[in-house]
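Okay, structure first, notes after.
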Amino acid sequence: MGRVKVGIIGSGFEADIHAESFRIMPDEAEVVAVASPTPGHAERLAKRYDIPRAFTDYRDMLEEHDIEMITVTAPNSLHAGMCIDAAKAGKHVVCEKPLCMTLEEADAMIDTCRRQGVLLMYAEELFFTPKYVKAKQMADEGAFGKIYLVKQAEKHFGPHAPWFWDVNRSGGGVFMDMGCHGIAFCYWFLGRPGIKSVYCQMATHVHADKTEGEDDSVCIIEFDNDAVGMVENSWARRGGMEDRIEVYGEGGCTYADLHMGNALPTFSEYGYGYAVEKAPTTRGWTYPVFEELWNYGFPQEMHHFARCVRGKDNPQATGEDGRVAMEALCAGYHSAATGAKTLFPYHPQGVKKPIDLWRVPKNRG
Ligand SMILES: NC(=O)c1ccc[n+]([C@@H]2O[C@H](COP(=O)([O-])OP(=O)(O)OC[C@H]3O[C@@H](n4cnc5c(N)ncnc54)[C@H](O)[C@@H]3O)[C@@H](O)[C@H]2O)c1
């Protein structure tokens, strides 16, 4: 059958990561096409990665018969439509996080892919992050005994592209953008237990001029097995990207700091090329990462998804995982509005985007 032929929708930040990831681990898949609406952008990515075909309309790319797997790296509000179109064209789908905007969309994506007989894989790279995978392996071997608390934090000073700040395109602020990582992480780490409740506190501390979305959030998830997940996110934290976990059990604990832990503590009077994602400067004390994509697990993730298309692996991150994160996101926004735990199951109806459960949209207010 040869390598899986991949088409990427989008040509921005994450599309670049996908293209680079397939280049780092090229044995299972090759990117043969990219689609992005702004004239010249798809061509630019195609040139950078030797991708033979570039399209401005992703629907034209879906008509290419040899493409077997599509990765969706467009803004959140477009995920559901693109994934459904790709599935209807008979392509396996990799959808970036967060899965979509509503639970209804999540159900439609999952149902369509099932009916079309294609895989819906959820691009949650934390399931593939080598340090975090090691922590989970130790936990599964019983290193920490019964685990009672798993924490994940992801923070920086705000996203790079304007659409993230527009809640109609993103669905929410930092909780939507990065809380989905922490929720999925805690759920996966603990072996996918049911969720009992979600409590969340959020606010907009520094970026109210830019967004109606929250730029800081703290979320506590109670699981059926009595373990607690704690997810901290911020777009208000200066100094570049922070990503870390803590795991506590009655028999032990482990800590992993993805960036500072892997970095070379460095002082430079003059600065240099690149330290870490979203770092504002390379002068003074910095913590340059190396093998950044590998340490995040992106190449391993894409490699795994290609193997799933060939039937060599079973998807370790699915549309259902993305749906669980969506349900917890909705529950978190609702909790932030009520000040109380949101009990599960939680199925808000007729909500256009998760943040509407917290803030009354301006056009309704
Ligand atoms: N897994 C991660 O850690 C991670 C990191 C960053 C972003 N993401 C996710 O990836 C997605 C994209 O984020 P980004 O940072 O790359 O944003 P970006 O703004 O850098 O890129 C978005 C791309 O989507 C394209 N696009 C917009 N409308 C389109 C359309 N109709 N058809 C095809 N392409 C279209 C844009 O032209 C652009 O190339 C988001 O869902 C985001 O949450 C995930």
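State, as an integer percentage, the relative contact order of the chain based on alpha-carbon contacts under 8 Å between residues 6 or more apart.
Answer for the chain is 19 percent.
Please identify every one of the GluC sites (Glu not before Pro) in the stretch 274-365 that sits in a loop by DSSP and has no more than 11 other beta carbons within 10 Å of its own beta carbon.
E291
Over the Cα atoms of the chain, compute the convex hull volume and normalise it per residue, giving Å³. Before the final figure, lay out the partial values.
Working: hull volume 52.6 nm³, N = 365.
It comes to 144 Å³ per residue, whole-number rounded.
Need the C-alpha centroid separation for the stretch 192-239 versus the stretch 260-286, integer Å.
Centre-to-centre (Cα) distance: 28 Å.
Given N residues in the stretch 4-124, what is its alpha carbon radius of gyration divided by 2.2 N^0.38 Å?
So the Cα radius of gyration is 0.96 times the expected 2.2 N^0.38 Å.
Summing +1 for each Lys or Arg and -1 for each Asp or Glu, what net charge is found among the other residues whose Cβ lies under 14 Å from the Cβ of W163?
Cβ neighbours under 14 Å give a net charge of -2.
Where the only charges are on Cβ atoms (+1 Lys, Arg; -1 Asp, Glu), what is the dipole of the chain about its Cα centre, to the nearest 20 debye?
300
Residue farthest toward the positive end of the dipole of the chain, with Cβ of Lys/Arg at +1 and Asp/Glu at -1: which of I221, F189, V309?
Checked the options; the winner is I221.
Since every read-out is calculated from the coordinates, none of them should be taken as a lab result. Quantities reported herein were computed from a predicted structural model and do not represent experimental measurements. All Cβ positions, even for glycine, are placed from backbone atoms using ideal geometry, and neighbour counts span all protein chains on display.
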